[in-house]
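The values are calculated or read from the model by the stated rules, or taken from the named source; none is laboratory data. Note that this is a predicted model, so its numbers are computed, not measured. We place every Cβ from the backbone using ideal geometry, glycine too, and count neighbours over all the protein chains shown. Heads up: the accessible areas ignore ligands, DNA and RNA and are worked out on the full protein's heavy atoms, side chains in. Shrake-Rupley method; radii C 1.70, N 1.55, O 1.52, S 1.80 Å.
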Amino acid sequence: DRMARLATDLVLEMSCPGDEESAVELARTVRQQLNAKGRFEADTADIRRLKGLLRRGESRSAAETLGLEINRLLFLDLPFYEKGRYRQFQLAKEDVAQVTDLLRQIQPHQIYTTGSRSDPNSVAAVGFAAFEQAVAQISHEAWWSDCYVWLYRGGDRTWPLHEIDMAVPLSPDEMSNKLQAVYQHQSQRSQSPGSNTGAEAWQQADTLNRQTADAYDALGMAEYEAIETFHRWQTSPPTSA
């Protein structure tokens, strides 16, 4: 019911002018399918579509909270997500090709990613595997030598101090903005790895960033409100399949 209520507003917001009727119909159809869906049954195409719309909407809200231009956001929609089920995703050549093409198109100087140490069967880990294999195909290109890859640990943990290669101090205002951005991901609440402790994702982020700042302070370094940490990825990329 919660998803269905959110659905109508979101689908209407993302619809083309004059297409409100079909948007409402999608929300109505999804509500019916959710009510009829068994506990372990796979989501229908309509339910997956609506979930995708919800997650994109939450990402846009988070970006706006941080002052980013939402027209700069790009959602990859990698094929593996539609071809598998939770914990049964299989990476395919099409996924790697899509990531490879994007890297060549942008040729970034910095990349921030996660999933390197996630559960191998998770979406984050499969996505990182696609990135690794893509890197194997472009690592010989000249622009790649000037690209730094920063790994974000995420979830309910952060990097241990001896693995931190970049520490970014956060002011009280910056910390507040980050928490507000995390808070926009409403569909992910109470589904995080630490949910059994009662902590939501934004609360975990708050605790971890402040604990890191306290740890740096205890080492005699400058005192900050909070600190975000990253580990530089320097592992040799795998041989492409």
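Things to note:
- Net charge dipole size for the stretch 143-184 [Lys, Arg +1 and Asp, Glu -1 on Cβ; Debye, nearest 20]: 140 debye
- Accessible area per residue (1.4 Å probe, heavy atoms of protein chains only) ranks 170, 66, 76 as 66, 76, 170, with the largest value leading.
- Residue 170 long-range amide H proximity, modeled H, under 5 Å: 225, 226, 227, 228
- Anchor residue 178: lysines whose Cα lies under 27 Å away (excluding residues fewer than 8 positions away in-chain): 51
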